[in-house]
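The values are calculated or read from the model by the stated rules, or taken from the named source; none is laboratory data. Every value quoted in this text rests on a predicted model; they were computed, and no experiment measured them. Every residue, glycine as well, gets a Cβ built from its backbone with ideal geometry; the counts of neighbours run over all protein chains shown. The protein model used for the area step is the full one, side chains on, heavy atoms only, and it has no ligands, DNA or RNA in it. Shrake-Rupley method; radii C 1.70, N 1.55, O 1.52, S 1.80 Å.
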Amino acid sequence: MMDAAIQSAIDDIEREHGVRVLYAAESGSRAWGFASPDSDYDVRFVYVHATGWYLQVFEQRDVIERMLPDDLDVSGWELRKALRLMTKCNLAFNEWFDSPIVYRADDAFAEQVRRLIARHFQPARALFHYLGMARNTHDEHLVDDTVRLKKLFYFLRPILACRWIERARTQPPTRFAELLAAPWVSDEERGWIAELEARKALASEGDREALPAALRPWMRRQLDHFAAVGPGLASMMDVDEAALDATLQRWVSG
């Protein structure tokens, strides 16, 4: 039922705005694999206008946003904006193209973008992005005696993403299960994370539980470790402007 509502929303956006949606996928906790029963739907998409839109003197709005009933948030970026952000290693955009929940896709477009993402990935910038997410979640939600289990996973996922970047130097998988299955995650870590997952699956968004005492020093060690690792990673690289222009031109004219 929700998939039908999402498809209808995409169709309405195409018709009302005169655009073509090239790719649409779920983002956030549902894509990561640890949504609560009452989690929102966060649909993100990339679109193009007809050629004439790109020939105007003044730039126009390049974002489409729509809030719908049943906690359905639908938001998209125009392709030129999306590609510009991708060159800056925009991790939200990168994650869309590895989402396990894809609502609409031109397969050739998605594959072309994935190659561009790999070409423009910046390990240092990505690690510090995920480290910032983990640190903010820790400081704002995980210092009390009781915590929301979902917030704990909002810490664990970016920490395991940092570990992926440290070891593989590539864009981390969107799915938490893939991060957890990586060879550099210990069996002990997988064990207690699995226990937490089982408890979280039964909890609603607002439920709180006591945080295992042994987890606090582990979290602190992770934050300190990746703060030290980050500066030694590669940072900037040359932007492949020719490939970006070719991508834009292909899909606008197509």
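Just to be sure I follow: if Rg is taken over the C-alpha atoms of segment 85-133 and Rh is the Kirkwood radius over the same atoms, what is Rg/Rh?
Details: Rg = 11.6 Å, Rh = 11.5 Å.
That ratio is 1.00, to two decimals.
Viscosity 1.567 mPa s, temperature 4 °C: what is the translational diffusion coefficient of segment 154-254 from Stokes-Einstein with a Kirkwood Rh over Cα pairs, rounded to a whole number of µm²/s?
Numbers: Rh = 16.7 Å.
The Stokes-Einstein estimate is 77 µm²/s.
How large is the dipole of the chain about the Cα centre if only Lys and Arg carry +1 and Asp and Glu carry -1, each at its Cβ, rounded to the nearest 20 debye? Display every interim value, and only then the final one.
Values: 32 positive and 40 negative charges, 164 e Å.
Magnitude of the dipole: close to 780 debye.
If you add up the charges near Ala50, with Lys and Arg at +1 and Asp and Glu at -1, over every other residue whose beta carbon is less than 15 angstrom from its beta carbon, what do you get? Spell out each step's value before the answer.
Numbers: positive: Arg15, Arg20, Arg80, Arg250; negative: Glu14, Glu16, Asp62, Glu78.
Overall, the nearby charge balance is 0.
Under a straight-distance cross-link criterion of Cα-Cα below 24 Å, which lysines are reachable from Lys200, leaving out those fewer than 8 residues away in the same chain?
Partners within reach: Lys150, Lys151.
From the P(r) of the chain, could you give the percentage of C-alpha pairs in the tail past 30 Å? Please report the intermediate quantities before stating the final value.
Numbers: 10807 of 32131 pairs.
Tail fraction, whole percent: 34.
Report, in degrees rounded to the nearest 10, the 0 to 90 angle that the Cα long axis of helix 123-141 makes with the longest principal axis of the chain.
60
Quick one: plug the Kirkwood hydrodynamic radius of segment 19-128 (C-alpha pairs) into Stokes-Einstein at 4 °C, 1.567 mPa s, and report D in µm²/s. Present the calculation step by step, with values, prior to reporting the outcome.
Values: Rh = 14.9 Å.
It comes out at roughly 87 µm²/s.
Toward the positive end of the charge dipole of segment 74-193, about the Cα centre and with charges on Cβ (Lys, Arg +1; Asp, Glu -1), which of Ile159, Val74, Ala177 goes farthest?
Towards the positive end, the residue furthest out is Val74.
For helix 187-201, what angle does its Cα long axis make with the longest principal axis of the chain, in degrees from 0 to 90 and rounded to 10?
Value to nearest ten degrees: 70.
Let me have the 222 nm mean residue ellipticity of the chain computed from DSSP H runs of 4+ only, each contributing -39500 (n - 2.57), with the sum over all residues rounded to the nearest 500. If you can, show how the numbers build up before the last one.
Values: 11 runs with 137 residues, N = 254.
Using -39500 (n - 2.57) per qualifying helix, the result is -17000 deg cm²/dmol.
Heavy atoms only, probe 1.4 Å: what % of the accessible area of the chain goes to carbon and sulfur, would you let me know?
Values: 6330 of 12230 Å².
Percent of accessible area from carbon and sulfur atoms in the chain: 52.
Can you compute the equivalent ellipsoid semi-axes for segment 74-169, i.e. the square root of 5 times each eigenvalue of the Cα gyration tensor, sorted largest first and rounded to whole Å? Write out the running numbers ahead of the final one.
Numbers: eigenvalues 157, 52, 28 Å².
One finds semi-axes of 28, 16, 12 Å for segment 74-169.
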